[in-house]
């Protein structure tokens, strides 16, 4: 069974890559229209038809954003970005924030978790927002929603590695804790490890559902 190429989403639709069909296991229940700080957007799982949109997002990253997200200053070649859109939605999940500009969709950020092979019940998470859209609350809202999805998928905790100088990400985690999600930190000697506890239901605190 396959799903039609024209992927319908709340608030609009767009024509995906013609060589792509939506995966049978695509978790459509996680497609949600939301509002964060008065900004309307759609949170949804990434899919293989998003390659071009992800290339556009990554082209908007500054050197600092690349370093904070990937712990390297090297840019990822567009040909390698497909590994971020081809995921299994079980051990590896990615949620993107999508908006519409001039009638065309654009991805403004991405939050994901991936389960290490030797671990169960926990996952490493990461989040990145394109530079033009930073400072608008998208990152905190995306992380809030990613945690909701992770808990719904059975994870008891997630953790993120943050450079000492990444004050914006530290503030994001502080906002998450203020919103009701507890965490503790471990200094690894090279970065801070934020371990978030998902034993209890995750409250919605950084966005509102639009429907």
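Bear in mind that the values in this text are calculations on the coordinates, not laboratory data. All values derive from a computational prediction rather than experimental measurement. Glycine also receives a Cβ, built like all others from the backbone with ideal geometry; neighbour counts cover every protein chain displayed.
FRET efficiency for the residue 117 to residue 37 pair, using the beta carbon distance and R₀ = 45 Å, is estimated at 0.75.
Counting beta carbons within 10 Å around each of 184, 163, 47 and listing the fewest first gives the order 184, 163, 47. Using equal-weight Cα scatterers in the Debye expression, the normalised intensity of segment 6-209 in log10 at q = 0.14 Å⁻¹ is -0.81.
Distance between the 7 Å Cα→Cβ label points at residue 190 and residue 28: 4.3 nm. Mean separation of Cα pairs under 8 Å and 6 or more residues apart, divided by the residue count, gives segment 6-209 a relative contact order of 18 percent. Taking 0.36 nm per residue of separation and subtracting the current Cα-Cα distance, fully stretching the chain between residue 59 and residue 90 would add 8.4 nm.
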